[in-house]
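Written out below as structure tokens is the structure these notes cover.
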Amino acid sequence: MTIKDWPADERPREKLLQKGAGSLTDAELLAIFLRTGTPGQTAVDLARTLLIEFGSLRTLLDANQQRFCQSNGLGPAKYAQMQAVLEMARRHFHEILQRGDALTSPEITRAYLSAQLRGYSYEVFACLFLDNQHRVIKLEELFRGTIDSAAVYPREVVKRILHHNAAAVIFAHNHPSGINEPSQADKQITDKLKQALSLFDIRLLDHFIIGDGQPYSFAEHGLL
């Protein structure tokens, strides 16, 4: 039986159009992207197989070209399409943030930072520079490598903030392990940065940790 033979409300494409993309499982979303299956497998069956093979949708999306193309049903064309979809998502979130207030679009802010930082195999510390109305000026990667008090220099952070004439900032860094809980070093460097920014009357609005699932917010957990 092919997907066309399924009841209409069970077909991924029709289900998306009727109920919205949020109603679909990871396998159903991936099946729509794949479009076709392989001999003996529908697109949904193939999607389920791939999710088991990679372990999660995130791992599949983050795979490099060599790893991606090793899997049955995937190849260079699909890899190029996937990278194009991811880049369009990043640019979409960025355009929305540029038009509005980062604080009145918290979910978009989280999604944008996640899209930018989640795929790295090493830690990246980034800063979202905002004007006095909390509109986005620019997102900039400031440090790479293990993020701790020895690797993040408040003086350099302040220099970049003053360079962009930003009135407020949101920090973000990723945890390649996928664990989105702050370490003691994360808390220490956040406190150190907050103290440095206060000397220049620069507002630290939040610090996000990007791992698996919902990004961790320092502000929402009362750590700022």
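Hey, what angle do you get for helix 76-99 against the long axis of the chain, alpha-carbon based, 0 to 90 degrees rounded to 10?
Helix 76-99 and the main axis of the chain meet at about 40 degrees.
At residue 78 and residue 200, where each label point lies 7 Å from the Cα along Cα→Cβ, what is the point-to-point distance in nanometres?
If labels sit at residue 78 and residue 200, their model points lie 4.7 nm apart.
Scan segment 118-224 for trypsin sites (Lys or Arg not before Pro) in coil per DSSP, keeping those whose Cβ has at most 13 other Cβ atoms within 10 Å, and list them by number.
Numbers: sites: 118, 135, 138, 144, 155, 159, 160, 187, 192, 194, 203; in loops: 118.
Within segment 118-224, no trypsin sites (Lys or Arg not before Pro) qualify (loop, at most 13 other Cβ atoms within 10 Å).
Report, in degrees rounded to the nearest 10, the 0 to 90 angle that the Cα long axis of helix 154-163 makes with the longest principal axis of the chain.
Result, in degrees: 80.
Efficiency by 1/(1 + (r/R0)^6): what FRET value for residue 96 and residue 19, r their Cβ-Cβ distance, R0 = 30 Å, to the nearest 0.05? Please list the in-between numbers first.
Values: r = 23 Å, r/R0 = 0.78.
E(calc), rounded to 0.05, equals 0.80.
Could you tell me the center-to-center distance, by alpha carbons, between segment 160-185 and segment 4-72 in angstrom?
Going from one Cα centre to the other spans 33 Å.
If you plug each phi of segment 203-213 into the Karplus form 6.51 cos²θ - 1.76 cosθ + 1.60 with θ = phi - 60°, what whole-Hz ³J(HN,Hα) values come out, in order, with x for Gly and Pro?
8, 9, 7, 5, 9, 9, 10, 9, x, 7, x
I'd like the antiparallel share, as a percent to the nearest 5, of DSSP beta bridges with both residues in the chain.
70
Hey, which lysines would be in cross-link range of residue 15, C-alpha to C-alpha under 18 Å, not counting anything within fewer than 8 residues on its own chain?
Answer for residue 15, where 18 Å is the Cα cut-off: 4, listed by chain and number.
Find how many whole Å separate the alpha carbon centroid of segment 210-224 from the alpha carbon centroid of segment 113-127.
Computed from Cα coordinates, the inter-centre distance equals 14 Å.
Residues with beta-carbon under 14 Å from that of residue 16, excluding residue 16: net charge, scoring Lys, Arg +1 and Asp, Glu -1?
Details: positive: 11, 13, 15, 19, 35; negative: 9, 10, 14, 26, 28.
Local charge sum for residue 16: 0.
Here is the link list: 19/187; 138/192; 159/187. Which ones come out longer than 30 Å on Cα distance? Intermediate results must be reported in sequence, preceding the final value.
Numbers: 19/187 41 Å; 138/192 23 Å; 159/187 22 Å.
Among 19/187; 138/192; 159/187, the Cα-Cα distance tops 30 Å for 19/187.
Among rounded, prolate and oblate, which fits segment 149-198 when a ≥ b ≥ c are the square roots of the eigenvalues of its C-alpha gyration tensor, a/c under 1.5 means rounded, and a/b larger than b/c means prolate?
On the way: a/c = 2.26, a/b = 1.78, b/c = 1.27.
Here segment 149-198 falls in the prolate category.
Assign one of three labels to segment 1-123, namely rounded, prolate or oblate, based on the Cα gyration tensor with a ≥ b ≥ c the square roots of its eigenvalues; rounded applies when a/c is under 1.5, prolate when it is not and a/b is larger than b/c, and oblate otherwise. Show your work: numbers first, answer last.
On the way: a/c = 2.52, a/b = 1.39, b/c = 1.81.
Here segment 1-123 falls in the oblate category.
Please state the relative contact order of segment 1-83 as a whole percent: Cα pairs under 8 Å, 6+ residues apart? Don't jump to the answer; show the numbers that get you there.
On the way: 63 pairs, mean separation 14.7, N = 83.
After rounding, I find 18 percent.
Divide by every residue of the chain the summed helix terms, -39500 (n - 2.57) for each DSSP H run of at least 4, and state the resulting mean residue ellipticity at 222 nm, rounded to the nearest 500 deg cm²/dmol. If you can, show how the numbers build up before the last one.
Details: 9 runs with 101 residues, N = 224.
For the chain, the value works out to -13500 deg cm²/dmol.
What does the accessible area per residue of the chain come to in Å², with a 1.4 Å probe and no ligands, DNA or RNA counted? Numbers along the way, then the final one.
Values: 12050 Å² over 224 residues.
About 54 Å² of surface per residue is accessible.
Sticking with the crude label model, points 7 Å out along Cα→Cβ, report the distance from residue 67 to residue 89 in nm, one decimal please.
Output for this residue pair reads 1.6 nm.
With every protein chain present, what accessible area does residue 201 have (1.4 Å probe, heavy atoms only), rounded to the nearest 10 Å²?
Counting only protein heavy atoms, residue 201 exposes about 130 Å² to solvent.
Rounded if a/c is under 1.5, else prolate if a/b beats b/c, else oblate: with a ≥ b ≥ c from the C-alpha gyration tensor eigenvalues square-rooted, which is segment 105-203?
Values: a/c = 1.80, a/b = 1.20, b/c = 1.50.
In terms of gyration-tensor shape, oblate.
What percent do you get for the relative contact order of the chain when only Cα pairs under 8 Å and 6+ apart count?
Values: 302 pairs, mean separation 28.1, N = 224.
With pairs under 8 Å counted, the relative contact order is 13 percent.
I need to check one value: relative contact order of segment 49-132, counting alpha carbon pairs closer than 8 Å and at least 6 residues apart, in percent.
Numbers: 34 pairs, mean separation 14.5, N = 84.
Answer for segment 49-132 is 17 percent.
Using only Cα atoms and rounding to the nearest 10 degrees, what angle (0 to 90) does helix 184-198 make with the longest principal axis of the chain?
So the inclination is approximately 50 degrees.
Kirkwood Rh, the chain, all Cα pairs: how many Å?
Working: mean 1/r = 0.0517 Å⁻¹.
Result for the chain, one decimal place: 19.4 Å.
With unit charges on the beta carbons (Lys and Arg positive, Asp and Glu negative) and the dipole taken about the Cα centre of segment 76-224, which residue among 224, 82, 112 sits farthest to the positive side?
With unit charges placed on the Cβ atoms, the residue in question is 82.
The values are calculated or read from the model by the stated rules, or taken from the named source; none is laboratory data. It should be emphasised that the depicted structure is a prediction, and the values quoted were computed from it without experimental measurement. When we count neighbours, we look across all protein chains shown, and the Cβ atoms used for this are built from the backbone with ideal geometry, even at glycine. All accessible areas refer to the heavy atoms of the entire protein, side chains included, with ligands and DNA or RNA removed. Shrake-Rupley method; radii C 1.70, N 1.55, O 1.52, S 1.80 Å.
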